[in-house]
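J.: The structure is given below, and queries will be raised subsequently.
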Amino acid sequence: MGFYDDMAHVEQKKRKQPGVGRLIMTSITSAVIGGMVVLLMLPTLSKSGYISMVEPGTANAMTNPAAKLFAQPISVEVNTATVEAVEKVEDAVVGVINIRRVVNWFNQESVTRGEGSGVIFEKKNGKAHIITNNHVIDGAEKVEVVLPSGDKVDAKVMGYDPFTDLAVLEIDGSKVTKVAELGDSSTLKVGEPAIAIGNPLGMEFSRTVTQGIISSLQRSMPIDVDQDGQDDWELDVLQTDAAINPGNSGGALVNIYGQVIGINTLKISKEGVEGLGFAIPINDVKAIVGQLMQYGQLKRPYLGIIPYDLTNVPRYHWKETLNLPDSVKAGVVIRDEVPKFSPAGQAGLRMYDVIVKLDGKEINNAAQLRKYLTLNKKPGDKIEITYYRDGFQKTTTATLTNPPQR
């Protein structure tokens, strides 16, 4: 048999064999049909006891292969401490709208609206009282409060203080459903959770919640109330990295128990700076709010001097005019003539005396002097004053009084 005869013989044998492709397709089709039959018969087989179909969640897929046939539900706990804290206080946080008329250089009148936040801390005798920042209501001709329900009500300013940046409002309490619980800021620790609730950028984002931690318990922010270049007050604040933005002012800083531990007041806004927000400790707020409600202002004791920071005095005058020794680095200069019958006048103080201590506590500037008198003294109290005159250190005692009526 020749070569070509052999090739023809092989080709003839190939034609007699079934197609390989047809065999593969037949196998796949059979497998699919078999699988579908098994799935359709699973309930019947289960009832007959031939296989065990375990309910989802009652068996582990690793120990029972049948469990793999079902989707396993996952239970997620969303009722966390943070959620509970927010739910406890959020309806006590309100919007505060500052309304005033402005006349431009065309002598045209327009109405401006500033927006901030506030915290309802008391409800009694049909009225509700709200803590906010002084700068939120500063210059307002009318103040409105926006409740969580969206209702707007007129507010009365009961009292305010620009140095501590606090104010108290009063509204009709008939629609108030929640009063915030005030906590104890003296028990706070650095690193514990802090939750800020307020209205950043206005009522469009009302009662926004942000979370962070207490970053520091001891920060002091200088406040220049009259914008004369000299600090008038040192505001003690809590520092937090919870996001605080314009409109959050007057809102609540809350602990994990849903208690208000501070009133949000300001943030540092500089390029490249994030997470530097500040709140007035609630214990300081408690000490001030009562006076604002009762008197409309803080009843600061009167000493009778106009203080000026020694560090703002040209160094030439430290020696030539004030005759200060080199050991004196800071203090408060009595800038003007002292009224004869004022507490300072009665104690013998004069213009150009340099006060360095009150009751033995060092006083470095006018802000510290004013703050010490406000927070530690009341009219009728005595105060020991250490000062320099003509190069010599002296001490005297003054009896503080109420400010003179104007």
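Every number here is computed from the coordinates shown, using simple stated rules; none is lab data. Because the structure is a prediction, the values reported are computed rather than measured. So basically every Cβ, Gly included, is an ideal-geometry build from the backbone, and we count neighbours across all protein chains shown.
J.: Quick one: 3J(HN,Hα) in Hz for the stretch 217-229, Karplus 6.51/-1.76/1.60 with θ = phi - 60°, rounded, Gly and Pro as x.
T.: 9, 10, 10, 10, 10, x, 10, 9, 5, 8, 6, 9, x
J.: Using the basic label-point model (7 angstrom from Cα toward the beta carbon), what is the S220 to T396 distance in nanometres?
T.: 2.5 nm
J.: Under 5 Å between amide H atoms, partner at least 5 residues away or on a different chain: which partners does K127 have, H built in plane at 1.01 Å?
T.: HN-HN under 5 Å from K127: G173.
J.: With Cβ to Cβ distances under 15 Å as the rule, what net charge do the other residues near K329 carry (K, R +1; D, E -1)?
T.: Numbers: positive: R315, K319, K357; negative: D309, D326, E362.
With Lys, Arg at +1 and Asp, Glu at -1, the net is 0.
J.: Calculate one ³J(HN,Hα) per residue across the stretch 159-164 by plugging θ = phi - 60° into the Karplus curve 6.51 cos²θ - 1.76 cosθ + 1.60, and present them in order as whole Hz with x for glycine and proline.
T.: Each residue of the stretch 159-164 in turn: x, 7, 8, x, 6, 8 Hz.
J.: OK, next. May I ask for the net charge around L349, where only other residues with Cβ less than 15 Å from the Cβ of L349 are counted and Lys, Arg are +1 while Asp, Glu are -1?
T.: +2
J.: Which value, in debye to the nearest 20, describes the size of the charge dipole of the stretch 241-357 about its Cα centre when Lys and Arg Cβ atoms bear +1, Asp and Glu Cβ atoms bear -1, and nothing else is charged? Each step should come with its number before you reach the end.
T.: Working: 12 positive and 10 negative charges, 71 e Å.
The calculated dipole for the stretch 241-357 is roughly 340 debye.
J.: While we're here: Around I306, which amide H atoms from residues at least 5 apart in sequence, or from another chain, sit under 5 Å from its own amide H, with H modelled in the peptide plane?
T.: Hits under the 5 Å cutoff: R335, D336.
J.: Now for a separate question. If R₀ is 25 angstrom, what is the calculated FRET efficiency for the pair R113 and Q227, using the beta carbon separation as r and rounding to 0.05? Can you show the working numbers first?
T.: Values: r = 23 Å, r/R0 = 0.93.
After rounding, the FRET efficiency stands at 0.60.
J.: With each label point set 7 Å from Cα along the Cα-Cβ vector, what nm distance links Q405 and A287?
T.: The two pseudo-label positions are separated by 3.0 nm.
J.: Kindly write out, for the stretch 310-315 in residue order, the coupling ³J(HN,Hα) from the Karplus curve 6.51 cos²θ - 1.76 cosθ + 1.60 (θ = phi - 60°), rounded to whole Hz, with x marking Gly and Pro.
T.: The phi angles translate into 4, 5, 8, 7, x, 4 Hz.
J.: Please find the FRET efficiency linking T177 to S327, where r is the Cβ-Cβ separation and R0 is fixed at 45 Å, and quote it to the nearest 0.05.
T.: Numbers: r = 61 Å, r/R0 = 1.35.
Computed FRET efficiency for T177 and S327: 0.15.
J.: Would you please give the residues with an amide H less than 5 Å from that of G198, counting only those at least 5 places away or on a separate chain, with H modeled from the backbone geometry?
T.: Close amide H contacts, sequence-distant or interchain: R207, T208.
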